[in-house]
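Bear in mind that the values in this text are calculations on the coordinates, not laboratory data. These numbers were taken from a predicted model, which means no experiment stands behind them. Glycine also receives a Cβ, built like all others from the backbone with ideal geometry; neighbour counts cover every protein chain displayed.
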Amino acid sequence: MSQAITFSEYGTPEVLRLSEVTPPEPGPGQVRIRVRAASVNPLDLKIRSGLMADAVPVRFPVVPGLDASGVVDAVGEGADAAVGDEVLGATVGGGYGEYALLERPVARPAALSWEVAASLVTVGATAFRVLGLLDPRAGDTLLVHGAGGSVGTVAVQLALARGVTVVGTAGAHDLERLTALGAVAVGYGEGWARRVRTAAPQGVDRVLDAAGAGVLADSVALTGDPAHVLTIADLSAARHGVRFSAGGTDDGTYLPQVVRAAATGGLTLPVWRTYPLDAAATAHADLEARRNRGKAVLLP
């Protein structure tokens, strides 16, 4: 037996429990890892609360967690890793535990800590994917809402590497960090559109909404075309003619690029705090209260 965080009903963070579970067995193409770090993502909170019950049906008890890093200790037939390999990737059946299954594991470069390696998986792949959909070109101006969040932070850096001018809206506590990355940082909240127009007199060509803070109408007005706006966070997208793209699986294209960029110094992702496995409920509560300033990570 091993330990994992589970929940057997939807609810507040208090439904998360440290439980005794049977370690999962890898199927074809899968590996089992002894987890060294498991990332806590906003989607984990939505699944636990029941907000995603229709889109992401679950079978109780649930082990949450989308991303993990660790050392391979068992392999399924045809798996692309060997026992003893240090890897990271998207989990199958949850990552908040001592053991987890991965499909398409990616080797962990020595330059990446276990915490950063686990943190990159979903947010990095999402940022790569949505930038591909928006396709800002060198010389364009991209506005990123929620630029201080994890997806936003990665998207800002990837766009800057393309030669794109990036304007990022964020809270006061993130403005200095975004400026240091090379973005034009703008405070969010009332009057943000006016501040963006002042900061980008050349206009805005594309908008990525990673915040879901009711910014779509003004974002369409800034670009002049709803096709140039994409949200990963606002369910009202269709009312504005805007694309909604939250989810979608990584077919193995994105994560290796994310890892390569991070390992060579072209991409940074701050880890705000680490928690022991039995403090998963505290980690969820911290994210729900928006106390975090970077990624929260569990250390089994």
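See the values below:
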{"read-out": "Qualifying residue in the stretch 98-105 (condition: of a type in the set (K, R) and farther than 18 Å from L277 by Cβ)", "value": "yes"}
{"read-out": "Among (1) of a type in the set (D, E); (2) surrounded by 15 or more Cβ atoms within 10 Å (Cβ to Cβ); (3) free of Cβ contacts under 8 Å to residues at least 60 places away in the same chain, the one test that D209 misses", "value": "(3)"}
{"read-out": "Among the residues listed as A283, A296, the single one being touching a Pro at 6+ places or on another chain (Cβ under 9 Å) and either closer than 19 Å to A155 by Cα or assigned to a helix (DSSP H, G or I) (or both)", "value": "A283"}
{"read-out": "Qualifying position, being in contact with a Ser or Thr (Cβ under 9 Å, 6 or more places away or on another chain), in contact (Cβ under 8 Å) with a residue 12 or more places away in the chain and surrounded by fewer than 23 Cβ atoms within 10 Å (Cβ to Cβ), among V167, V184", "value": "V184"}
{"read-out": "Helices (runs of 4 or more DSSP H) lying entirely in the stretch 157-254 (those with 3 or more residues that are of a type in the set (D, E, K, R))", "value": "172-181, 192-199"}
{"read-out": "Residue list for the stretch 1-33, filter: surrounded by fewer than 16 Cβ atoms within 10 Å (Cβ to Cβ), touching a Phe, Trp or Tyr at 6+ places or on another chain (Cβ under 8 Å) and touching a residue at least 60 places away in the same chain (Cβ under 8 Å)", "value": "S2"}
{"read-out": "Any hit, the stretch 14-26, residues being at positive phi and small (G, A, S)", "value": "no"}
{"read-out": "Any hit, the stretch 267-289, residues being over 29 Å from A68 (Cα atoms) and either touching a Cys at 6+ places or on another chain (Cβ under 7 Å) or free of Cβ contacts under 8 Å to residues at least 24 places away in the same chain (or both)", "value": "no"}
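Condition check ((1) surrounded by 15 or more Cβ atoms within 10 Å (Cβ to Cβ); (2) touching a helix residue (DSSP H, G or I) at 6+ places or on another chain (Cβ under 7 Å)) across all residues:
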site: V56; (1), (2): no, yes
site: R59; (1), (2): no, no
site: V71; (1), (2): yes, no
site: A82; (1), (2): no, no
site: A90; (1), (2): yes, yes
site: L102; (1), (2): yes, no
